[in-house]
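For reference, the structure discussed in these notes is given below.
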Amino acid sequence: MDSNIIPSTVTKVVSDVSSKPLASFGELISLWLFGKSIGKCQAQKQIATEKELAKWEAEKPWFQKAQEQKFIREYSNLGSVLVQAQPLLNSDSNKIENDNDLFYGLLEHAKNISNSEMQQLIAKIIAGEYNNPGSYSMSTLHSIKMLGKEELELFERISSLVINYDSIPKIIFTLPENAKDFMGELKIDFGSLQILQNLGLFLPNDMTSSLANPLKQIFALQYFEKKILFKPTHENNFSVKMPEFYALSITGKQIIKHLNPKYNERYFSWLKENYIIPNFKVIEENKTHE
């Protein structure tokens, strides 16, 4: 790659060594881009006059100019992602191994993404993986490659229905229209869930689970910062049998923490009135919500 056509957003990341996280990250990017350390790139840098650059540009064949325009677009996208990743870096040393296909795959994929929301998401994941290698799975890279702006926005909307940080009650997708106004408000339906299942963000089948409760404790259903508290009513059975639900996949859990789903008061009211756990009853709710 000719460094003369690398956009300034990328070269700034490589040359910005004002702190240890930036220095080690910049060195990694320099080696990946140019196969050279920052110091060697700077030592071998050639400075041409504007007249010389203009002459070289005029003499280039059309196909070389077209290829360079493609490179400029790709590396402009990459630069936008790297600039957004920089403030999120906190590791003072580079722990990325040469075989970290997820990390390098994200860098390559970033070249083809111009949407600002997707760039922001990729930047967060790149920074997270750099800070703590192994934080993300290859399935995350696979899903990211299939995600577009519309799918990402859909995932953020449907995430407003997630309870206990990892699941959505199955029943809400079978309710009559007049009983699920929050679904219309979010512009989602069962087809929306299926799209996200196909992208690997939700597991493909509905699930059930039972939680042991040997101490006969109150069970808390979590929705954002609010809780609905359930008290055991049966004298012999204190296990918590969760109603059927659709669970986030590992990939979904890794991506959702970078989104900003919105708390929905109508949905919370529906949960208080309709979420039923056998042998338990609602006793109170936690009023705190940020």
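Details
- Low-density loop cleavage sites - trypsin sites (Lys or Arg not before Pro) in the stretch 182-234, where at most 11 other Cβ are within 10 Å (DSSP): Lys187, Lys216
- Spacing of the two label points (7 Å from each Cα toward its C-beta) at Thr233 and Ser116, in nm: 5.1
- Taking label positions 7 Å along the Cα-Cβ direction at both Ile72 and Glu265, the computed distance is 5.2 nm, reported to one decimal.
- Once the mean of 1/r is taken over each pair of separate Cα atoms and inverted, the stretch 108-180 shows a Kirkwood hydrodynamic radius of 14.5 Å.
- Once both labels are positioned 7 Å from their Cα atoms along Cα-to-Cβ, the gap between Ile276 and Ser210 label points is 1.9 nm.
- The stretch 83-199 - percent relative contact order, Cα under 8 Å, separation 6 or more: 26
- On the basis of the beta-carbon distance and an R0 of 41 Å, Lys187 and Ala23 show a calculated FRET efficiency of 0.35.
- Fully extending the segment from Tyr104 to Ile218, taken as 0.36 nm per residue of separation minus the present Cα-Cα distance, adds 36.4 nm.
Taken together, the values in this text are just the output of simple stated rules run on the coordinates, not laboratory data. From a predicted model like this one, the values you see are computed outputs, not experimental measurements. Counting neighbours? That spans all protein chains shown, and the Cβs are built from the backbone with ideal geometry, glycine included.
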